[in-house]
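One structure below.
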Amino acid sequence: MSKPRPDIRPRHVYWVLLGVLLASVASQVMPRTGPFAILLYLFTIFSLILRWRFPLSPTTMLADMAVVIVASLFAPSNVIFLPIFVFYFCVHNKPAFTIVALVMLARYGSNFSWWLTALAIVSGYLLFLWEKQRVRLENEVDSLRQHLHEMTQTEEHLLTDQYATEQVSRLLERQRIAEILHDNLGFELTAALLSVKAAGTLLTQHQFDKALESQQKAEGRLANAMTQLKTAVRQIEPQGATDLGRITNLVESFVYPVQFSCNGDMALLPAYVRQLLFVSLQEALTNISKHAQPTTITLSLEITQAIVRAVIENDGLATGEPTAFGSGLRYMRRRIEAINGSLSIQKGETFRLIMILPLKE
Amino acid sequence: MNLYLFAIREDIRQPLNILLILLIPFSLLFIPANADGFPMGISLYGLVLVYSTFLLTRPVVEDRMKGIVVRIAASPLGTFRYLSNHLLAYLTLITVQIVLFLIGSLVIYGDAVFDRLLIFALYFSFSIMCIAFSLAWNSLFRTFNLSFGVFSGVASIMCLASGISIPLFLLPRSLIGYIMFLPTYWLPHGLLAIYEGDSAGMLVAHAVLLFYAVIFLLVGSKRRL
């Protein structure tokens, strides 16, 4: 794990620059320090620390600056304290508030205090711009985080809905099968049963001709039942062949040539697994077209009683390709994990994506 | 028992604090007087005040170390009430020490040597500054031992350079402009002003000490969990 980069923020630089300004002012005041200068110096520090401790409006700093300006009118050398207030107002983007201080500095200031004022204005305004940009970027990051969070929640809801829909689909399918069996087969089989019973009764009464006729009717009913059973099975039969056709079409229409092999019976798969398999293969192939330039792509599907194993391998691995899951792969993995499957990547000479989808919960 | 009395009891429980409050200050009274100012013990007592206040504020650091401050933050008791009660308790103990010290000086030096009320007021302002300074200093450290280790060095140098450990008149005049930035300078400055009857000097010493106290309080009172 890489060491985190030290986080330097505008407020850190603000305090460093204030320290520099206070030290510069002290260097001017020190050799001839008097009690009055010390009090003014402490007053300036007090003003700054008060605003660090409590969120006071920058406008209130005008009152503090007024005290220093009045003191400077009595002892002009005290204008050396004004660059600190100029810096404060520049950081808070209040250039109009610095006018009186600048006039005082122009009137009474020394060369050193002018240089200090220039430093205060430039550094203060740059700090303001930095802070403004930082706040903007922070807001953008917050908004993106919020968006991502909402998308994740939506995805979870969709997955839950998908699961519920699958359950409803299964129930509807069972109901449909039950209806077909009841409506078609039930009638014919009941009629056949009654005919067989009638034939039995006629045989006990030695009415062989009628019994034979009844038996023929029963045979006819059973033949009809067989025909209807075949029709119902055809109606109920899963679209395995169609799904395999969809995958084949997907592979054949892909921009790069794909060697496709499939072992096992697609019809064994539940509908939701077939759909998930198709969508995941589609996403995997889209990723290859986006991030790789392969010469060979192989796609192999193995369908057993317990799992479906899909392996997609390509040799067009880009050198700068990220190893971490991108958003496409991440969503694919979430969908696969939602049915207790797994998605893994093997990166060596080739890029191999392995999907395992369980068929039994 | 309210928080104020609890803080006093917590401090008095430490045998070292009793020693500091009652015995050590009196030993200073036996240092001989000098010709150009108050007896040396009066000035050196500033050193005792610096260390006494630092040791008395120990419970505040320990509360932070032991995580008690976190529990206090979660309780209805506010930070302001917690700090103000503790600091007032320390100030009370220091005031008792100052009074005892001045009574001792009355016994040793007699009645007519100096105005003890003015000296009491100066010591009082100085001890407020020292308590605030200790609070701000301790807020920079996580453990009391490390804090005290660094403080003992820094405080000794400050007292030495600012005229507490050695008389102010022995320091070079050119140095005075620089050491005025040290908060400890203003005790010997105030004592000198009292000795010379300079009322303005006395007021300035009080003002600077209280200014420093407010700044240190602002820094030290920031809640650090």
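Just so you know, all these numbers are worked out from the coordinates, no wet-lab data involved. Note that the structure is a prediction, hence the values are computed from the model and not measured. As a convention, Cβ positions derive from the backbone with ideal geometry for all residues, glycine included, and neighbour counts pool all protein chains shown.
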Under 5 Å from the placed amide H of A:Ile307, counting only residues 5+ away or on other chains, we find A:Leu359
For the stretch B:1-81, taking Cα atoms only, what is the radius of gyration to one decimal and the Dmax to the nearest whole Å?
17.5, 57
How large is the translational diffusion coefficient of the stretch B:176-225 in µm² per second when you combine the Kirkwood radius over alpha carbon pairs with Stokes-Einstein at 10 °C and 1.306 mPa s?
134 µm²/s
Nearest-0.05 FRET efficiency for A:Thr160 and A:Val70, computed from C-beta distance (R0 60 Å):
0.30
Let me spell out the model: positive unit charges on the Cβ of Lys and Arg, negative unit charges on the Cβ of Asp and Glu, origin at the Cα centre of chain A. What dipole size does that give, in debye rounded to 20?
1600 debye
So, R0 is 56 Å and r is the distance between the beta-carbons of A:Ser143 and A:Ala306; what FRET efficiency does that work out to, to 0.05?
0.80
Tell me whether the stretch B:96-225 comes out rounded, prolate or oblate; compute the Cα gyration tensor, take square roots of the eigenvalues as a ≥ b ≥ c, and use a/c under 1.5 as the rounded threshold.
prolate
Return the long-range amide H neighbours of A:Thr350 (sequence gap of 5 or more, or a different chain), with a cut-off of under 5 Å between placed amide H atoms.
none
Range of Cα positions in the stretch A:10-133 per principal axis (Å), largest first:
42, 28, 23
Using a Debye calculation, one point per C-alpha and no hydration shell, please list log10 I(q)/I(0) for the stretch A:174-323 at q = 0.08, 0.11, 0.15 Å⁻¹ in order.
-0.46, -0.63, -0.84
Would you mind getting the Kirkwood hydrodynamic radius of chain B from its Cα pairs, rounded to one decimal in Å?
18.1 Å
Summing -39500 (n - 2.57) over the DSSP H runs of n ≥ 4 in chain B and dividing by its residue number, what mean residue ellipticity at 222 nm do you reach, to the nearest 500 deg cm²/dmol?
-23000 deg cm²/dmol
Cα lying deepest toward the dipole's positive end in the stretch B:3-220, options B:Leu187, B:Val214, B:Phe114, charges on Cβ
B:Val214
Treating cross-link reach as a plain straight distance, find the lysines whose alpha-carbon is under 23 Å from the alpha-carbon of A:Lys217, omitting any fewer than eight places away in the same chain.
A:Lys197, A:Lys230
Show me, for the stretch B:168-180, the HN-Hα J-couplings you get by feeding each phi into the Karplus relation (A = 6.51, B = -1.76, C = 1.60, θ = phi - 60°), rounded to Hz, glycine and proline as x.
4, 6, 7, 7, x, 4, 5, 7, 4, x, 8, 6, 4
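Write down Rg/Rh for the stretch A:159-236, rounded to two decimals, with Rg from the C-alpha atoms and Rh from the Kirkwood relation over Cα pairs.
For the stretch A:159-236, the value is 1.31.
From the helices alone, meaning DSSP H stretches of at least four residues, give me the mean residue ellipticity at 222 nm for chain A, per-run term -39500 (n - 2.57), in deg cm²/dmol to the nearest 500.
It comes out at -22500 deg cm²/dmol, rounded to the nearest 500.
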Positive-pole candidate from A:Val311, A:Ile247, A:His291, dipole of the stretch A:240-358, charges at beta carbon:
A:His291
Which ³J(HN,Hα) values, rounded to whole Hz and listed in residue order, are derived for the stretch A:345-357 from phi using the Karplus coefficients 6.51, -1.76 and 1.60 in 6.51 cos²θ - 1.76 cosθ + 1.60 with θ = phi - 60°, glycine and proline given as x?
10, 10, 10, x, 5, 10, 9, 10, 10, 10, 10, 10, 10
Taking a ≥ b ≥ c as the square roots of the Cα gyration tensor eigenvalues, with a/c under 1.5 meaning rounded and otherwise prolate when a/b beats b/c or oblate if not, the stretch A:255-299 comes out oblate
Using unit Cβ charges (K, R positive; D, E negative) and no other charged atoms, how large, in debye to the nearest 20, is the dipole of the stretch A:142-207 about its Cα centre?
600 debye
Rounded tilt (10° steps) of A:61-74 against the dominant C-alpha axis of chain A
10 degrees
Dipole magnitude of the stretch A:240-358 about its Cα centre (Cβ charges: Lys, Arg +1; Asp, Glu -1), debye to nearest 20
380 debye
Stretched fully, the stretch from A:Tyr331 through A:Arg107 gains (0.36 nm per residue minus C-alpha distance, one decimal, in nm) 73.8 nm
Against the longest alpha carbon principal axis of chain A, how many degrees, from 0 to 90 and to the nearest 10, is the axis of helix A:10-29 turned?
10 degrees
Return the inverse of the average 1/r over all pairs of distinct C-alpha atoms in the stretch A:32-74, which is the Kirkwood hydrodynamic radius, in Å to one decimal.
11.1 Å
Return the whole-Å distance between the Cα centroid of the stretch A:167-195 and the Cα centroid of the stretch B:68-129.
97 Å
Taking Cα atoms, the helix A:99-108 axis meets the longest principal axis of chain A at an angle in degrees (rounded to 10) of 30 degrees
Kyte-Doolittle mean at least 0.5 and Cα axial length at least 27 Å: DSSP H helices in chain B
B:79-109, B:116-138, B:199-220
When all Cα-Cα pair distances of the protein assembly as shown are considered, the percent exceeding 45 Å is 53 percent
So for R0 = 60 Å, FRET eff. of B:Gln14-A:Ser344 from the Cβ-Cβ r, to 0.05, ends up at 0.40
Would you mind pulling out the separation of the Cα centroids of the stretch A:105-166 and the stretch A:1-50, in Å?
25 Å
Over 5 Å intervals from 0, what percent of Cα-Cα pairs in the stretch A:240-358 sits in each interval?
2, 11, 24, 25, 20, 12, 5, 1, 0
Taking amide H positions as placed in the peptide plane 1.01 Å from N, state which residues far from A:Ile297 in sequence (5 or more) or on other chains have amide H under 5 Å from it.
A:Gln259
